[in-house]
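Q: Pasting a structure below so you can have a look.
The values are calculated or read from the model by the stated rules, or taken from the named source; none is laboratory data. Computed from a prediction, not measured in an experiment: that's the story for all the values here. Cβ placement follows ideal geometry from the backbone for every residue including glycine, while neighbour counts extend to all protein chains displayed. Just so you know, the surface numbers come from the protein's heavy atoms only, side chains and all, with ligands and any DNA or RNA stripped out. Shrake-Rupley method; radii C 1.70, N 1.55, O 1.52, S 1.80 Å.
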Amino acid sequence: MASAAFLDVHFTFPTSSSNPKNRTPLFPSHLKPPPGKRFFIIASNSSKSTPSNSASTETLEYPNSSTPSLSDQLKPLSATILPETAGKDDNLLQTQLLSKPKSIWVNPTKAKRSVLSLQRQKRSSYAYNPQIRDLKQFAMRLNECQAEAGLMKALFGESPHEMSRENALLLLNSLKHWNKVVLFFDWIKEEKLFEVDTIFYNVVMKSLRFGRQFDLIEELANEMVSNGVELDNITYSTIITCAKRCNLFDKALHWFERMYKTGVMPDEVTYSAVLDVYAKLGKVEEVLSLYERGRANGWKPDPIAFSVLGKMFGEAGDYDGIRYVLQEMKVLDVKPNVIVYNTLLEAMGKARKPGLARALFEEMVAEGLTPDVKTLTALVKIYGKARWSRDALELWERMRANKWPMDFILYNTLLSMCADIGLEEEAEKLFDDMKRSRQCRPDSWSYAAMLNIYGSGLKADKAMAMFEEMSKKGVQLNVMGCTCLIQCLGKTKRIDDLVRVFDLSLKKGIKPDDRLCGCLLSVASSCDENDTDKVLECLQQANPKLVTFVSIMEDSQTSFDSFKEEFRTLIGETAVEARRPFCNCLIDICRKRNLQERAHELLYLGTVYGLYPGLHNRTSVEWCLDVRSLSVGAAHTALEEWMGTLSKAVERKEALPELFTAQTGAGTHRFSQGLSGAFASHLNKLAAPFKLSEDRAGFFVASREDIVSWVQKSSTPHLSPSRVVT
DNA sequence: TTAGGGTTAG
C-alpha cells in the first residue's frame, strides 16, 4: 500500500516492519534533518513501490490534530534538502544526491516510495451501448425541459430503456446543466436502482466543476467518505481543479494533503494540477520543490507539467526560469507541443525578451508545428510592445501567405500592435479586412484600437468618424476607446465635441475609470479658462473628489498640513497607474494659474509618496535630474527646485561632482514629444547654464564650474526652494 | 466526442 506522507506525520505500518527499528532509514545520512526541523517524509519501509490509486486501508496515526499545512511543510524542505538544485540540470541533481550513501529515493535503478505514482490511473473500459441513440434523444428532451425539481424527477422515470447502471451513466454524462445532473443523481439514489460508485460521483463532480459549484463538490466528497465510496485520483483532481477555478486555493491544497493522509498516491495528473495551484499562488519555491521531488522519484514530467512551470516563470518575469524549463525538456527529451510553445512565448514576452521569443517561434516552425491563434497573438503582442515594426509586419505577411488561422482576438491584437508602433495605414487595411471577414466583425476592442491610433496621431476627424460609425453599427464604446477619443479631442482643442462625446458616453453606460479622469484632468490643465471649466464640469460627474481637490489647491487659506492630508487621501483612492499622471496634471494646473508654491508642494508630496522614483540620481562624478516621467509643468518645477538645491550646495561649499545633467529623453516616444523643447526654454528663462549634450541624446549638461559661476552671478536669491527634495 | 491536469487582448 502507498504510505508516503508529508512531514512529521507519524504513521504505523500494520506489517512486519511496524517496529521502527526494522525500517530502512528515512534519510540518507547526509540528508538527515537537523534537530527540531520538520521534514517531508518521502521514503518508506520498503524498497519496492506499490503505487495504488485506491483508498488505503492502512491505519494512519497522527501525533496531533494540527498537521502543518503543506506549504509550511515545503518551506523547510526547499530550504534544507534541495536548495541549490533548483535551476540546475538533472545530472547535477543526481550527482548531488548519489554522492554519499545511496539514497533510497533517488536511485534510478530501483523502484522506490515516491510522492507520486508513476502510473496514471487506469480507466475502466465500457462496451458499446446499442441504446445510445434513444438515450441521447431522451437526454436532449431533458436538457430542453424547464420543469421544476419534482416534475423533472418524474420525467426521469420515462426513460425509453431500463435505467441500468450503464444507461444511467450515459444519461448523466449527457445532461448539460449541473442542476439537472444533481437532480438525476439524487433520483438514482432515491430510487435505489443500484449502488452508485466512484465513477458516478466523478461524473457529477465534473459537471459541478463546470458550474463552479465547489461547495456542492465538497458536500459530495464528504458524502463519499461517509458512505465508504472510494475517492480516487480522478475524484481528487476534479475537486482540486474546481477549487482552483473558484480561487479557493487553500481548499485545493487541503484536499491534496488529504490524499496523502488517506493513503492515496497522486498520479501525474493530480500532481501537475497541484503544481499549478502552487504556481497560481506564486509559490515558486514550493513548485520547484515538488517538481524536484517528483523528478528524484523517477517522474518524467510531460508537456502539461512544463506548461505549468513555463507559465509560472512567465508570470514572475523570470527569464532564468524559462531557460530552466527549456533545458529540462531537452535533458528529458520531451518535445514541446503547441501549447507549451505558446506558454513559453507568453513568458518570454513577460520577461521582455523579444529576440528570444522570435528565436523560439522559429524553432517551433522548424519543428514542423503550425502556430495557432494563441501563438500568433502572443508574438504580435511582443513585437508591438518592443516596437519592432519590421518583424511585426513581416509576421503579418507570413500569416497571410501561410493562411495561418485568424480570430477576432488576433485581429484586435494586430490593431493594438499598429497603435503601439504608429502604423496607421496598416491598421486601416486590417480593419477593412476584418469588416470583410465573415467570422470577425470589429468589436469594442477593434474600435478602441482604431481610436487609439487616430488619437495618438491627432486625427480628430477620423477619430470622430469612427465614433459615429460605432454608434451606427451598434458597437458599444468601451472605456479605453472613450479615453483615447477624449484625449484626441482635448489635444486638438475640440472641447465642445469632447463634452458631447463624454456626455453621450455616460449615457451609454461607460463607467469612467481613473485613466479617463486623468485624461480629462490633463485636458483641463492645458486649455484656456473657459474651456477648463467645461472640462472640469465633465470631471465633476466622473470624479467629484478630484474637482474638490482642485479648488482646495487654489484656496490660499489651505495650510500645507491640511493640503498634504487631502493629497494623501486623494492619491490613496486612485489606481496606482493613474497616480503620477494625476500629480503631473495638478502641478500643470497650478503653474498655469500662477500658484508656483502649490506646484512645488505637489512635487514634494509626489516625491514623498513615491510617485517620482529616480527623479534625482547622484554619484560622486555626476548628479542627474531625470524628468522623463514628468509633465512639462512638473519638469519646470523640478528644475527650479533643483537649481535652488544646487545654489544652496554651492553657497554651503558642499562637495560637488564634476558633471550635472538633466535628462528629458529624446522625445522619440509619442507621449514625451515636446518635453525637451519646453525644458530648454525654461532653462533659458532661468539663465541656467545647461546645454543640450551632443553625445548623449536627451541630456542637458553643465560642468561644476558652470554651476558655481551661475550661482555667483545670480546676486538675488531668485530661487528659493520651498522644500528641498533630494 | 460518454469520469481528472496546461496556453490568447489596453
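Q: Given the conditions (1) within 16 Å of DNA strand B (Cβ to nearest atom); (2) touching a Cys at 6+ places or on another chain (Cβ under 7 Å), which single one is not true for A:ASP420?
A: Result: A:ASP420 fails condition (2) only.
Q: Say whether the condition of being of a type in the set (Asp, Glu) and under 23 Å from A:TYR341 (Cα atoms) is met by at least one residue in the stretch A:263-272.
A: Yes: one or more hits.
Q: Any idea which of A:LEU430, A:LEU458, A:LEU451, A:LEU485 is within 28 Å of A:LYS592 (Cα to Cα), buried (at least 20 other Cβ atoms within 10 Å of the Cβ) and touching a residue at least 12 places away in the same chain (Cβ under 8 Å)?
A: Within the list A:LEU430, A:LEU458, A:LEU451, A:LEU485, the selection yields A:LEU485.
Quick grid of which residues meet (1) surrounded by fewer than 22 Cβ atoms within 10 Å (Cβ to Cβ); (2) of a type in the set (Phe, Trp, Tyr); (3) outside any helix (DSSP H, G or I); (4) in contact with a strand residue (DSSP E or B) (Cβ under 6 Å, 6 or more places away or on another chain):
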| site | (1), (2), (3), (4) |
| --- | --- |
| A:GLU577 | yes, no, no, no |
| A:ASN594 | yes, no, yes, no |
| A:CYS624 | yes, no, yes, yes |
| A:LEU639 | no, no, no, no |
| A:GLY644 | yes, no, no, no |
| A:LYS653 | yes, no, yes, no |
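Q: Mind counting the residues in the stretch A:323-343 that are within 6 Å of DNA strand B (Cβ to nearest atom) and aliphatic (A, V, I, L, M)?
A: Residues flagged as within 6 Å of DNA strand B (Cβ to nearest atom) and aliphatic (A, V, I, L, M) within the stretch A:323-343 amount to 2.
Q: When the residues of the stretch A:473-488 are narrowed to those that are within 12 Å of DNA strand B (Cβ to nearest atom) and part of a helix (DSSP H, G or I), which ends up farthest from the chain's Cα centre (by Cα)?
A: A:LEU485
Q: Just give me the residues in the stretch A:299-317 being farther than 19 Å from A:LYS353 by Cα, surrounded by 16 or more Cβ atoms within 10 Å (Cβ to Cβ) and either more than 10 Å from DNA strand B (Cβ to nearest atom) or charged (D, E, K, R) (or both), in sequence order.
A: Answer for the stretch A:299-317, where residues must be farther than 19 Å from A:LYS353 by Cα, surrounded by 16 or more Cβ atoms within 10 Å (Cβ to Cβ) and either more than 10 Å from DNA strand B (Cβ to nearest atom) or charged (D, E, K, R) (or both): just A:ASP302.
Q: Among all residue pairs at least 6 apart or on different chains, which show Cβ distances below 8 Å where the first residue, located in the stretch A:684-697, is more than 16 Å from A:CYS624 (Cα to Cα) and the second is surrounded by 15 or more Cβ atoms within 10 Å (Cβ to Cβ)?
A: A:LEU686/A:LEU639; A:LEU686/A:GLU640; A:LEU686/A:MET643; A:LEU686/A:LEU719; A:ALA687/A:TRP710; A:ALA687/A:SER714
Q: Which condition breaks for A:ASN233 when tested against (1) within 10 Å of DNA strand B (Cβ to nearest atom); (2) out of contact with any Pro (no Cβ under 7 Å at 6 or more places or on another chain)?
A: (2)
Q: Looking at this structure, is A:ASP320 without any contact (Cβ under 8 Å) to a residue 24 or more places away in the chain, more than 15 Å from DNA strand B (Cβ to nearest atom) and either surrounded by fewer than 22 Cβ atoms within 10 Å (Cβ to Cβ) or not basic (Lys, Arg) (or both)?
A: no
Q: Output yes when any residue across the stretch A:513-535 is within 19 Å of A:PRO581 (Cβ to Cβ), in a loop (DSSP other than H, G, I, E, B) and open to solvent by 30 Å² or more (accessible area, probe 1.4 Å), and no when none is.
A: Yes, the stretch A:513-535 contains at least one residue that is within 19 Å of A:PRO581 (Cβ to Cβ), in a loop (DSSP other than H, G, I, E, B) and open to solvent by 30 Å² or more (accessible area, probe 1.4 Å).
Q: Sticking with this structure for a sec: Of the conditions (1) closer than 25 Å to A:ASN594 by Cα; (2) aliphatic (A, V, I, L, M); (3) at pLDDT 95 or above, A:LEU675 fails just one. Which one is it?
A: Condition not satisfied by A:LEU675: (3).
Q: Can you name the condition, by its number, that A:LEU410 falls short on among (1) more than 20 Å from A:PHE306 (Cα to Cα); (2) in contact with a Gly (Cβ under 9 Å, 6 or more places away or on another chain)?
A: Among (1) more than 20 Å from A:PHE306 (Cα to Cα); (2) in contact with a Gly (Cβ under 9 Å, 6 or more places away or on another chain), A:LEU410 violates only (2).
Q: Being more than 22 Å from A:GLU397 (Cβ to Cβ) and acidic (Asp, Glu) is the filter here, so list the residues in the stretch A:430-447 that pass it.
A: A:ASP443
Q: Right, something else. Answer yes or no as to whether A:PRO130 is part of a loop (DSSP other than H, G, I, E, B), out of contact with any Leu (no Cβ under 6 Å at 6 or more places or on another chain), at pLDDT below 95 and within 13 Å of DNA strand B (Cβ to nearest atom).
A: The answer is yes for A:PRO130.
Q: Can you confirm whether A:SER471 is more than 22 Å from A:LEU586 (Cα to Cα), hydroxyl-bearing (Ser, Thr, Tyr) and open to solvent by 40 Å² or more (accessible area, probe 1.4 Å)?
A: yes
Q: From the set of residues in the stretch A:597-616 that are open to solvent by 70 Å² or more (accessible area, probe 1.4 Å) and at pLDDT 95 or above, which is farthest from the chain's Cα centre (by Cα)?
A: A:GLU597
Q: Output the residue which, of all residues in the stretch A:187-204 that are buried (at least 17 other Cβ atoms within 10 Å of the Cβ) and more than 15 Å from A:ASN222 (Cα to Cα), is farthest from DNA strand B (Cβ to nearest atom).
A: A:TRP187
Q: Is the stretch A:155-166 home to any residue that is more than 14 Å from DNA strand B (Cβ to nearest atom), open to solvent by 50 Å² or more (accessible area, probe 1.4 Å) and either among the hydrophobic types (A, V, I, L, M, F, W, C) or within 27 Å of A:ALA221 (Cβ to Cβ) (or both)?
A: No, every residue in the stretch A:155-166 fails to be more than 14 Å from DNA strand B (Cβ to nearest atom), open to solvent by 50 Å² or more (accessible area, probe 1.4 Å) and either among the hydrophobic types (A, V, I, L, M, F, W, C) or within 27 Å of A:ALA221 (Cβ to Cβ) (or both).
Q: Find the residue count for the stretch A:250-295, including only residues that are more than 24 Å from A:TYR324 (Cβ to Cβ) and open to solvent by 30 Å² or more (accessible area, probe 1.4 Å).
A: 6
Q: In the list A:ALA359, A:ALA378, A:ALA448, A:ALA366, which residue meets the criterion of being modelled with pLDDT of 95 or more, within 15 Å of DNA strand B (Cβ to nearest atom) and over 18 Å from A:ASN478 (Cβ atoms)?
A: Only one candidate qualifies: A:ALA378.
Q: Just for the stretch A:536-574: of the residues that are in a helix (DSSP H, G or I), over 32 Å from the mean Cα position of the chain (by Cα) and small (Gly, Ala, Ser), which one is farthest from A:LEU489 (Cα to Cα)?
A: In this case the residue turns out to be A:SER562.
Q: Further question on the same structure: Just a yes or no: is a residue in the stretch A:284-298 without any contact (Cβ under 8 Å) to a residue 40 or more places away in the chain, of a type in the set (D, E, K, R) and part of a helix (DSSP H, G or I)?
A: Checking the stretch A:284-298: not a single residue is without any contact (Cβ under 8 Å) to a residue 40 or more places away in the chain, of a type in the set (D, E, K, R) and part of a helix (DSSP H, G or I).
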